[in-house]
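The values are calculated or read from the model by the stated rules, or taken from the named source; none is laboratory data. Bear in mind the structure is a predicted one, so any value in this text is a computation, not a measurement. Glycine also receives a Cβ, built like all others from the backbone with ideal geometry; neighbour counts cover every protein chain displayed. Surface areas here come from the heavy atoms of the whole protein model, side chains and all, with no ligands, DNA or RNA. Shrake-Rupley method; radii C 1.70, N 1.55, O 1.52, S 1.80 Å.
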Amino acid sequence: MRYSIHFKKGINEQLEHLATEMRDWEDTPRIDENEKENIKKAICQFNHTIQADPFKIGGVDGSGDFPSVTYADSFVYTTVAHGTIYRSDLISGLKEEEPSFDPIIHFSWFPEEQEKRVRSWDKTFEALTGLQINDVISSSDYLELKSSFNKRTYSISNLHQKLIRPHASDSGNIAIQLRSVGELSAALQLIKNGENVAYALIDGTFSLPTVTRSSDGTLFYEHLKRLCCVAARKKGVGFFALSKSHGLPGIENIEEIVRKKFELEKGGKAEHWFLRLPTYGVESWSLSITDGRLLPPPGAITYLVRFHKNTPIFRLDMDREYWSKYIQSKSKEEMRQKERRIFEHLDYASHDQRCYGYPYPIKAGHDRASLTKGERGTLRKQIIDAAVRAGMKRQLFRNASIATGHE
Amino acid sequence: MAKLNELVKILQPRFGVLAESNTYQLTVIASDTDVAVGDLFLLPSNRGGVERFYVFRTTQYANIMNRTLEMNDVARNKLTMPDSYLADDLSDEKLIELKGIVLGYAQHDSATDDWSFFRPRRLPQHLTDVYHVTPGRTDIAHVVKTLMQSQLGTDGLYIGDLLAGECALEDVPVYLPTFALSHHIGIFGKTGCGKSNLIMVLLHSIMQHNQKVVLGKTQGPPVSILAIDPHDEFRTWHAASGGSDGIRGIVNSYSDDELKDLVEPFYYLTAKNIGRDGFAQRFFLSRADLTPDDLISIMDFSEQQISFSQQFYGRHGERWIGQLLLGDTDENVVEEETITEFLPGTVAAVQRRVGFLRHGQTRLFTRFDPEMGYDYDSTLPDVICAIEHGRVLVIDTTLMTEFEQFLLTTIIARVLFALRKALRSSENVGQLPSEIRQSLDNDDSNQQVGMRSLADELINRIESGQLPYITDGEITIQNNLPYINIVIEEAPSILNPARMKFGSVFRDISRQGRKFGIGLSVVSQQVSEIDQGVLTQLNTELIMSLGNENERKEAIKNASSDLMGFERELQVMGKGQVITSASFKDIPLPIQIKLF
C-alpha cells in the first residue's frame, strides 16, 4: 500500500472516529449489581489436577490448503484433519494411543460450472465423512433443532438439495466448510472408533449459523456437528468444543468478579474456575454480555472456563442433551461435583508444557493436521505431477498470484 | 549380484530421511528409535543415474521434537511450570536427529554386475531414505557384506566382526590380508581392553591360514609370528579355569601330518626347565648370539660405551661377552692401540651393563667358551628354521627379566632380518654362505670372527634343508618364504625415541622390513611414547580403548586412514572393540573381537 501524506490524513480521521466509537461502547456498563451477584453464585472452582483416575481423552483439528492449485476456472482444495487419543499416565502425564482410525486427507476438485460443482461438493462431503449426505442429515438432530426454532418442518431431500455449496473461487467460505467438515469427520471417527474415550474435544464452538434461518439453506457441517453430538451422547462421550477466541465483550468484568470471589489481590488472576452461562429453560437469570448473541447456541450448553492464569478464559460448548443426561442433577451440589470432575479431567489434560493451560490433545491434533509451507508446496507439486501423468499439460496449472507478482 | 532396488527391498523398513548434508557432515532425521553412536546406515542413491549405496556412520545424535517448541524451551517450561509434563506422543512427534560422516560409497558397475567401494568423494541425493544396519538381521548383514566386501576382505586373517554401534554384525566378518603381517602393525589399547584376546584371535587365524595353505585351500605364503607372552597365557589360555584351551588345544586337534607341517619342532618356548615336552621346549640363547647393537637397542649406553663395545666385539666376535665378563680387557689395552683410548670407567660401565649375562644370573643365556668346553648351545637356529617354515611361536617370558625379554626379541629380529637380506643379496647358491657370514659379521679372511658359530649352524641347516633357503638347487624366492611378524610387547621400552637415537635393529626393520617380508607388531598402551619414525612406518593400526585424550589424539594423528568422526568412538569403546585403520583399506572399520 502506498502511504502518501494525503492518504494518511484520511486514514487518521477514520481511525479517530473508530476509536471514539469503540471507547463509547466499552464505557457502557454491561453488568449490573444483581447480575454480578448471579455470576458470583454461578462461578465454581475446581482443583488443580495433577493426578487423575485413568481416563482417555481425544482431540481433533483440521487444516488444509485452500486452494492448492487452480487451472482454468476450477480449483483443487486439500483438506487435512487429524485426531489423537491420549490416556492419563503416571509417568508422562498423557500417553498417546495408537488411533483406530486414519487421518483424513482429501483433495477436492471444484469447477465453476454449477452442476459439476454441486456434484463435487457432495462427493467431497461423502468422502470426508464416509457417509451418505442424507444419512448425515437424517441421523443428526440438527433438523429437529431447526424445526423447533423456526416452527416449521424440513424435508431431508430439500435440506440436501439446498446445502450451501460455495462457488469454486470462493476460497474463504470453502476453507471454512472444508476445514469444519474435515475436523468434524475426524471427531466422528474418534467418537465412534475410539475405545473407552471419555472426552472428544474440538477447537471451536457449537454455533449453528443457519439454524435460526427459516430457509432450507444450511451448512453441511452444521448437520455433521450435531451428528457428532448424537453419536457422542449414545456412547457417553463428552464431546466438547473449546474456543480460545470467542470474542465475548466485557469478559474482564467477569474476571474481576471471579477475582473478588476468590479474594485475590487487585491485578491477580483467578484460575481453575468455570461458569455455566445461563441457559434458557434452566436458569431464570440472563447474562448481559450475551445480549444479542445466540449463546448458548441451540442444542448446547456453554461454559466459560479458565484452567491457568496465563491462558485466556475459554468458552466450552457441550451438547445440551449430554449435559441433561450426564451432568444435570436434582441436587445442585451433585451437579457441581459432576461438572468439577469434567473440568478437573480437562485441567489434567492441560498441563503439557507445550500448551500449558490448554488441553494438549487438541494442540496435538492441530500439530498433526497443520501443513507447513513446504508440505503445501510438496502437495501442490504432487497434484500437478499426477495430473501431468494423466495427460494434462503442466502449463495449465498456474498460480496467478505468483505470475502477477502478488505473492 | 543384487542391484540397488533389490537391496533396498531387503533393507526395509526405512529408518529416516537425509536432511541437511555436505561433504563434511550428514544429518538424518528419524523416528524415536534406540540407536547408538557408531551405528551404521545405508543410503541408496541414484544421482546421475548411477546406483550407489552410501555408508553413513553416526557420530552424535540428539532428541528433537516435531513441530513443537524448541527442546530447550520445553525443558525450561518443565522446570518452571508447576506440575507440568510432556505428553508422550506416538513416535512421529518425538524424533531423533543423527549427525555423522559418510564412510564411503559402494557403486554398482553394470558391466561387471559388481559393487565397488570408494572413498567418500560424493554425496547422496536430497532427502534420501536412510536404512539402519540392524544387528541381528542376517539379511541386512548380507547387504553390508555385498556392498563393503572390498573393505571387509574375504580371505586372510579373521580378526573380528564389523561393529555397528554397540553390537557386532556377526555375519559380517572382517579380515586382514596376510601380507599385512609382513608390514608393520600397531596394536594400541589400555590395560584390560582386550589386547591379549586380540593377539590370541590373531594367532588362531594365522594357524588357520597356515593350515589352509598346507591343505592347498588358499594360496600361500604361510605366515610366521613370534609372539612374546609375558603372562604365559597363549599356550593354555583359559583352560585352567574351565575355559577354552589356547594354542595347545588347536595343536592337539591336528593330525600327525598337520603337526609335522604346521607345528614341528615346537610352538611353545619357555625359560622354565621343562626339557622337551611335546611341542613345548626350554628356550635359551648363547652369549655368542649377542652383539653390542642388541644391547644398545634395549638399554642406555653412552657414545663412548657404544664405541668401546663395538670395538671389543670387533676384536673378539662371539666371545666378546665372555671376555668382558672375565675382565679380560687389560691384555687388549696392551695389544690394541685403539682400545687403550677408552677410560677404565667406560670399560667398567660396559662390564656392569652386561653383568646380567653372568652365569647364574640369567636363565636365558648359556656360556660360550669353546676352550673351556662351553660350545655354542642355543635354540636360536631352531627358532630361525621354524619361523622360516611358517610357524606360530609363543615364547613365555614370565621367568625372564625385562632386559632378557627385550633382548631375545631383538636378537631373533636382527638375525632374521640379516638372513633375509643375505638371501636377497645372493645371486646363486654358492654365494649364499658368504653372504650369511657377512651379515653375521663373520669374515675369517679378514680375521673378523663375528657370530661365527651361529653362521656355521645356519649354513649347516641350509645344507641339510632345515632352513629352506635353497629350493631345487636355486636360491629360494622370498615370495615363497613365509611372511614373518615379530610381536614387540611393551613397545615403548625399546621403541622410544631415546633408545632409537643411537640406532636400533627395530629402526632398520621398521624402515626396511617390508622389503624382506618381515613386519613388526608394536603392542603398547601408549602411542605417544613410541618413536615417530616407527609410527610413520605402521601400515595397520588396531586401536582399542585408550587411557586418555592425549593418547587418542596421537592414535588419530598417526592412523593410516582418516579417523575423523571416530573420536567419540575411541572414547566409548568397550572391551574387545577395535578400530582398524590400514593404508590398504579405504576406510577405518570398527570391529568387535570375539572372545577366544
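Overview of results
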| quantity | calculated |
| --- | --- |
| Helices (runs of 4 or more DSSP H) (entirely within region A:283-386) containing at least 1 residues that are more than 13 Å from chain B (Cβ to nearest Cβ) and open to solvent by less than 10 Å² (accessible area, probe 1.4 Å) | A:320-326, A:332-348 |
| Region A:277-299 residues that are at positive phi, paired with ones that are open to solvent by less than 20 Å² (accessible area, probe 1.4 Å) (beta carbon under 9 Å, 6 or more apart) | A:GLY299/A:ASP141; A:GLY299/A:TYR142; A:GLY299/A:PHE206; A:GLY299/A:LEU208; A:GLY299/A:VAL211; A:GLY299/A:ARG226; A:GLY299/A:CYS229; A:GLY299/A:ASP319 |
| Index of the failed condition, B:PRO221 passing every other in (1) touching a residue at least 40 places away in the same chain (Cβ under 8 Å); (2) within 23 Å of B:GLU402 (Cα to Cα) | (2) |
| Helices (runs of 4 or more DSSP H) lying entirely in region B:356-442 (those with 1 or more residues that are among the β-branched types (Val, Ile, Thr) and more than 20 Å from B:ILE494 (Cβ to Cβ)) | B:380-387, B:432-439 |
| Verdict on B:ARG437 being in contact (Cβ under 8 Å) with a residue 12 or more places away in the chain, touching a helix residue (DSSP H, G or I) at 6+ places or on another chain (Cβ under 6 Å) and surrounded by fewer than 23 Cβ atoms within 10 Å (Cβ to Cβ) | no |
| One residue from B:GLN537, B:GLN577 being open to solvent by 30 Å² or more (accessible area, probe 1.4 Å) and within 17 Å of the chain's Cα centre (by Cα) | B:GLN537 |
| Sole residue being more than 14 Å from chain A (Cβ to nearest Cβ) and without any contact (Cβ under 8 Å) to a residue 40 or more places away in the chain, chosen from B:GLY38, B:GLY16, B:GLY48 | B:GLY48 |
| Scan of region A:135-152 for residues that are within 21 Å of A:SER185 (Cβ to Cβ), open to solvent by 10 Å² or more (accessible area, probe 1.4 Å) and of a type in the set (Gly, Ala, Ser), ordered by number | A:SER138, A:SER139 |
| Flag if B:GLN466 is surrounded by fewer than 24 Cβ atoms within 10 Å (Cβ to Cβ) and at pLDDT below 90 | no |
| Complete set of residues in region A:73-93 that are open to solvent by less than 10 Å² (accessible area, probe 1.4 Å), at the interface with chain B (Cβ under 7 Å from one of its Cβ atoms) and modelled with pLDDT under 95 | A:GLY93 |
| Unmet criterion (only one of (1) open to solvent by less than 60 Å² (accessible area, probe 1.4 Å); (2) more than 29 Å from A:VAL197 (Cβ to Cβ)) for A:SER157 | (1) |
| Some residue of region B:94-115 being within 14 Å of chain A (Cβ to nearest Cβ) and either within 26 Å of B:SER31 (Cβ to Cβ) or of a type outside the set (A, V, I, L, M, F, W, C) (or both) | yes |
| Strands (runs of 3 or more DSSP E) completely within region B:51-130 that count 2 or more residues being among the β-branched types (Val, Ile, Thr) | B:52-65, B:94-109 |
| Residue check, B:PRO120 more than 30 Å from A:HIS351 (Cβ to Cβ) and at pLDDT 90 or above | no |
| Selection count, region A:105-134, where residues are open to solvent by less than 20 Å² (accessible area, probe 1.4 Å), of a type outside the set (Ser, Thr, Tyr) and within 21 Å of A:VAL76 (Cβ to Cβ) | 6 |
| Those residues of region B:545-589 which are over 25 Å from B:ARG511 (Cα atoms) and either modelled with pLDDT of 90 or more or hydroxyl-bearing (Ser, Thr, Tyr) (or both), in sequence order | B:SER545, B:LYS575, B:GLY576, B:GLN577, B:VAL578, B:LEU589 |
| Residue within region B:288-307 that is outside any helix (DSSP H, G or I), over 30 Å from B:GLY345 (Cβ atoms) and open to solvent by 40 Å² or more (accessible area, probe 1.4 Å) present | no |
